[in-house]
Amino acid sequence: MQCAMCGREITNPDANYCDYCGTAIGTMTYREEVKEPQKVSEPKEERVSTWLLFGVMCLPMIPLVGGIAYLVILFYWAFAASVEDSRKSFARATLLYTAVTLVLGMILLGSFFALIMNTMSGVL
């Protein structure tokens, strides 16, 4: 006999309970209540296509409006509820990378200009 709950083989034919899971065996109500276990399908992993990545990364190269369009798309993907998780993760990571790059660039550029101004004031 086989346990309908855990699926293991029950060796004692007079057993009232399963030795492994403790479920009652042999009652009519038990057999009616037990249903086939539902198979859980794993969610399909969505991926961002290479062409989409390439297109978005090329947007800042368009004069005047490219940088703005780039940021608008990234902010939309990062915070919109209807966007897939893969795009959302990509957009958030890209925005974080862009923010860190801008802050570090401003610090380096500011220190460079401060060095030039100090050098120029000493020359005059």
Starting from residues that are small (Gly, Ala, Ser) and under 23 Å from the mean Cα position of the chain (by Cα), keep the ones in region 93-114 and report whichever is nearest to GLY67 (Cα to Cα).
ALA99
Tell me which residues, restricted to region 47-72, are out of contact with any Lys or Arg (no Cβ under 8 Å at 6 or more places or on another chain) and in a loop (DSSP other than H, G, I, E, B).
ARG47, SER49, ILE62, PRO63, LEU64, VAL65
Here is a list: PHE90, PHE75. Which entry is under 12 Å from the mean Cα position of the chain (by Cα) and part of a helix (DSSP H, G or I)?
PHE90
Test THR11 against the criterion of being at pLDDT below 80, of a type in the set (Val, Ile, Thr), touching a helix residue (DSSP H, G or I) at 6+ places or on another chain (Cβ under 8 Å) and not assigned by TED's automatic domain parsing to the domain that holds THR94, and give yes or no.
no
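The values are calculated or read from the model by the stated rules, or taken from the named source; none is laboratory data. On a predicted model such as this, the values are computed, not experimentally measured, just so you know. Neighbour counts are summed over all protein chains in view; Cβ atoms, including those assigned to glycine, are modelled from backbone coordinates with ideal geometry.
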